[in-house]
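A quick write-up on the structure given underneath.
The values are calculated or read from the model by the stated rules, or taken from the named source; none is laboratory data. Remember, predicted model here, so these are calculated numbers, not experimental data. Positions of Cβ are generated from backbone atoms using ideal geometry, with glycine treated the same way; all protein chains shown enter the neighbour counts.
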Amino acid sequence: MNDIASAPCFHCGEPVPRNLNYTVVYRDIPRPVCCAGCQSVASSIIDAGLADYYEQREQPADRAQPLPAELQERLRLYDDPALQQGFVTGDGSNGREAALLIEGISCAACIWLNERQIARVPGVREVSINYTTHRARVRWDNSKTQLSDILKAVADIGYHAQPYDRARQELVADKTRKSALFRLWVAGLSMMQVMMFTVPIYINGIEDIAPQWLRLLQWAGFMLTLPVVLYSAWPFYVSSWRDARRGRAGMDLPVSIGVLAAFAASTWTLIAGHGEVYFDSVSMFVFLLLGGRYLESRARRRAGAALDDLAGMLPAFAHRQTAPDYAQIEEVAVIHLRPDDRVLVKPGEIIPVDGVVLQGQSSVNEALLTGESAPVSKAERHDVTAGTVNLDSPLIIKTTHVGESTRLAGIVRLLDGALAEKPRIAQVADKISGLFVAVLLGVALLTWLFWQWHDPQHALPIAIAVLVISCPCALSLATPAALTAATGHLALRGLLVSRGHTLETMTDVTDIVFDKTGTLTQGQPRLIHTAVWYGEPERAAGIAAALEAHSEHPLAHALSRETAVFATDVTNHPGGGLTGMIDGTGYTIGKLQFVAAHCAAAPPGVPADAPAGTHIWLACATKWIACFTLADSVRPEAAGAVQALQKQGYTVHLLSGDHEAAVADLAATLGIASHTASATPAGKLKVMQQLQRSGKKVMMIGDGVNDAPVLALAHVSVAMGSGVDIAQATGDAVLYDSKLDVLPMALALARKTRKVIRQNLAWALGYNLVALPLAVCGLVTPWLASLGMAASSLLVVGNALRLAAPGRLKHNKKTTADQGLA
């Protein structure tokens, strides 16, 4: 080391003190550095894939500089607001949110390390990383920190973060897959060749082989195992080193120790000329571990396929009509589209923006967004959503939202946040996993000491088996694999889970509370009955339409129609109605009390043949003219959804601010025994609190606007997707297409997910409780230990995949076990 120490620092060029032993590996060669700071920075640069910097730089970096100036300048480019338009969203003040793709993640420990490193940056409000997609969702205060600071923090620990781009993610994933396959191929080829040289020894015994031939076979095994140790097992070392630098024992540490210890001991035995070698075991369990992880990564990608499908639904290019006459068509990147642009979408193409149809009539396939396979007709003034497919004829669309402001982008953000947010059971599993690694290392050491005392010849292979067989990967995968699969399946069925705890909490639910307007009903009142006392019905309808044309109230739209009647001097009286002049006569329309105050005649009673609903009265100064009865139409799937929920054992309630007659009529129609009418927002909160005080676990379904307070109070809340900004939904989940019949399926899937998670955790813990004692007793060989560990992780992920396509879920009544969830 003195020779190395006499060289200049590889990073900064300063002289290296002779008594120091700081090095960094560059191009597979140890390079001297002068201090721990230079070692950390150089390692960060090399680990981040930026090693070419050391070939391109014109002079050494400053001593212990966090990152070279060239790299910092490159990162600062991401602070440009124009560049951020495609991937950063804001909340109107200084709040920012972005999706980042983090390269280099290999296990749950990497997630843990990156989340904590980013959270330490001043101004970062929230960070969560999806283990399946390696996407980080980061929220920060732009007045306190910049995006480049976050990217730099990730680079400082040896990872590479950049704005999420699906094409780049696929490129990185393909590169990672090919690298993993090649490492697996090297390990497999080596394993087969080493076994060819080892089998004769096993068959004939060491004593039956001439010493010179035995040495030749052992040296051949050494040469063939060398690429496995130096290349195939390299990801284990990198992950272990990253964890060790942060003072944490990661899941790859036992594997790394086992591989290096077995190889080092075998090499020493080979040089010394006596004892056993374990090159066959080293190559075999590296091959089995890599094979298991490769299959596991493919299974995880399959579990997260729903999110990837949603994220990749937008095309890269669009056909934009150019102003001023919109006669020319130009092909532009979708990221360059702006609101009010006109876009031509040809048959068979994916609609690239949220917008309104200006010209054309066609059918649109919204299956990937709503789960409905039947095409939806679209004509002029109809809304269309990015990610849906135009089927029949060309459409000219006026853009309203693009990029990160589209509903599809909001869906992806909701899913990203839900998949990255860890529920309580996953946090407990992570804590157990971290503790388990430390305990495992201690057990392996004690095992080696015991066998070294009683049977030195078998001490090393037994200790290695202990290290390998009980790696807690399966324990850490048990919960996120199941949640990813279930959340992705629900997204394809139209329910977007936006909070990590939602599926877990759903299994506790005992009572389900529905809002009325906009939830069980369409939220669009329509005219169902007209009673006329003076004049012709057509004239009365025209007067009402002329007055209501000056109001934005939802009830006004139900009375609007084409009419030749024209109203002047119209005054809107909030909470009462409207007054105005038509052909020189004053008219009043609105609530009974309000209209009665403007009419000298005594008010008539509600017509005997009028059905239940909201009554709108019309009168002039001396006469009552008409009574219009309005009612909201019930959603066609509401009755079936309520019955299915009741069959599952849930108590269903109706909670509405509408008047008693309308609420009671709807409750009777749907078979809901418990209903509350005329409830103010404060009254709704009181009802919710009474249910919770009685020990009920309540799910609230509302429209996400007026019901925000009671939605927030409920144990689980579901917001209807219609009429609200999907990205601003207040619920724990969002019914994107507002189809209530998804709810029984979602609750059944939540119970099945809970069951799968418990199965996974029970298997992971049970496997370790059985396997570890067997390994300590010397009953398991190292290669069998690696097979067991890989099989354990694969079993957990495979079990979770059953939730990705669960087939026919049983909407049966909840069992006692369902009621007593943790």
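Ala662 versus (1) in a strand (DSSP E or B); (2) modelled with pLDDT under 90; (3) of a type in the set (A, V, I, L, M, F, W, C): which is the lone unmet condition? The single condition Ala662 does not satisfy is (1). Of all residues in the range 350-362, exactly one satisfies the criterion of being more than 11 Å from Ile397 (Cβ to Cβ) and either among the aliphatic types (A, V, I, L, M) or at pLDDT below 85 (or both), namely Ile350. When we screen Ala173, Ala161, Ala187 for residues that are outside any helix (DSSP H, G or I) and either modelled with pLDDT of 75 or more or within 30 Å of Ile335 (Cβ to Cβ) (or both), the only hit is Ala161. Please indicate, with yes or no, whether at least one residue in the range 706-728 is touching an Asp or Glu at 6+ places or on another chain (Cβ under 7 Å), among the charged types (D, E, K, R) and modelled with pLDDT under 85. The answer is yes; a qualifying residue exists. For Pro611, the criteria (1) at pLDDT below 90; (2) crowded, with 16+ Cβ neighbours inside 10 Å hold in every case but one, which is (2).
Condition test on Leu779, is it surrounded by fewer than 20 Cβ atoms within 10 Å (Cβ to Cβ), within 21 Å of Leu460 (Cα to Cα) and either of a type in the set (A, V, I, L, M, F, W, C) or at pLDDT below 75 (or both)? Yes.
The set of residues in the range 666-697 that are closer than 22 Å to Gly523 by Cα, at pLDDT 85 or above and surrounded by 13 or more Cβ atoms within 10 Å (Cβ to Cβ) comprises Leu666, Ala667, Thr669, Leu670, Ile672, Ser674, His675, Thr676, Ala677. Could you tell me whether any residue of the range 555-574 is surrounded by fewer than 19 Cβ atoms within 10 Å (Cβ to Cβ), touching a residue at least 60 places away in the same chain (Cβ under 8 Å) and at positive phi? Within the range 555-574, none of the residues are surrounded by fewer than 19 Cβ atoms within 10 Å (Cβ to Cβ), touching a residue at least 60 places away in the same chain (Cβ under 8 Å) and at positive phi.
For Ala531, state whether it is part of a helix (DSSP H, G or I) and either at pLDDT 85 or above or touching a helix residue (DSSP H, G or I) at 6+ places or on another chain (Cβ under 8 Å) (or both). Taking the combined requirement at face value, the residue does not satisfy it. How about the range 327-348: which of its residues are surrounded by fewer than 17 Cβ atoms within 10 Å (Cβ to Cβ) and either touching a residue at least 24 places away in the same chain (Cβ under 8 Å) or touching a helix residue (DSSP H, G or I) at 6+ places or on another chain (Cβ under 6 Å) (or both)? Answer for the range 327-348, where residues must be surrounded by fewer than 17 Cβ atoms within 10 Å (Cβ to Cβ) and either touching a residue at least 24 places away in the same chain (Cβ under 8 Å) or touching a helix residue (DSSP H, G or I) at 6+ places or on another chain (Cβ under 6 Å) (or both): Ile335, Arg338, Pro339, Asp340, Lys346, Pro347, Gly348. Scan the range 616-623 and give yes if some residue there is of a type in the set (A, V, I, L, M), part of a helix (DSSP H, G or I) and touching a strand residue (DSSP E or B) at 6+ places or on another chain (Cβ under 7 Å), otherwise no. Taking every residue of the range 616-623 in turn, none turns out to be of a type in the set (A, V, I, L, M), part of a helix (DSSP H, G or I) and touching a strand residue (DSSP E or B) at 6+ places or on another chain (Cβ under 7 Å). Within the set Glu548, Glu538, the sole residue that is modelled with pLDDT of 85 or more, buried (at least 18 other Cβ atoms within 10 Å of the Cβ) and more than 30 Å from Asp741 (Cβ to Cβ) turns out to be Glu548.
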